[in-house]
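The values are calculated or read from the model by the stated rules, or taken from the named source; none is laboratory data. Quick caveat, the model's predicted, so the values are computed rather than measured. Glycine gets a Cβ as well: all are built from the backbone with ideal geometry, and neighbour counts include every protein chain shown. Quick note on the areas: whole protein, heavy atoms, side chains included, nothing else; ligands and nucleic acids left out. Shrake-Rupley method; radii C 1.70, N 1.55, O 1.52, S 1.80 Å.
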Amino acid sequence: MRLSVLKSARRATVLILLGTLFLSACGGGNEQTGSTDLYGAYDVIEGGMSEVQVKSVIGVEPQRRQADGDKAQILTWETGANTYRHTTLLVTVHDKDGVTRKIVTGYRGNQSQSF
């Protein structure tokens, strides 16, 4: 059991590092969400990640936070408002289980995944 926890923690750390490197190369390391590649972040975010890990991948705080029941939050990021590249990323983070759902919508189409 302990070995699987270590492998899971290692995997999450590697995903965060890869996501951070990927988004930094795409201009996502800025404090301005307008330059963050939310499609790239969507690809990196995995089920079970914590809110801290998700925010680390994206590089900025969410613009909105909405309760989804009493133990989960829907975090929302938006980029390119009022442009043809407008993109929205929604990530549902459960207090106990971490990321349980992710949705990205925008100029490159819509994608969603539940875990």
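Observations on the structure shown:
- Odd one out for GLY47, checked against (1) surrounded by fewer than 17 Cβ atoms within 10 Å (Cβ to Cβ); (2) at pLDDT below 95: (2)
- Subset of segment 82-107 [more than 12 Å from TYR42 (Cα to Cα), touching a residue at least 40 places away in the same chain (Cβ under 8 Å) and either open to solvent by 50 Å² or more (accessible area, probe 1.4 Å) or among the aliphatic types (A, V, I, L, M) (or both)]: VAL93, ASP97
- Checked against the criterion of being modelled with pLDDT of 95 or more, under 10 Å from the mean Cα position of the chain (by Cα) and of a type in the set (Val, Ile, Thr), segment 68-77 contains one or more residues that satisfy it.
- Scanning segment 44-59 for residues that are closer than 15 Å to LYS96 by Cα and of a type in the set (Gly, Ala, Ser) yields GLY47, GLY48, SER50.
- Every residue from segment 54-67 that is of a type in the set (D, E, K, R) and surrounded by 15 or more Cβ atoms within 10 Å (Cβ to Cβ): LYS55
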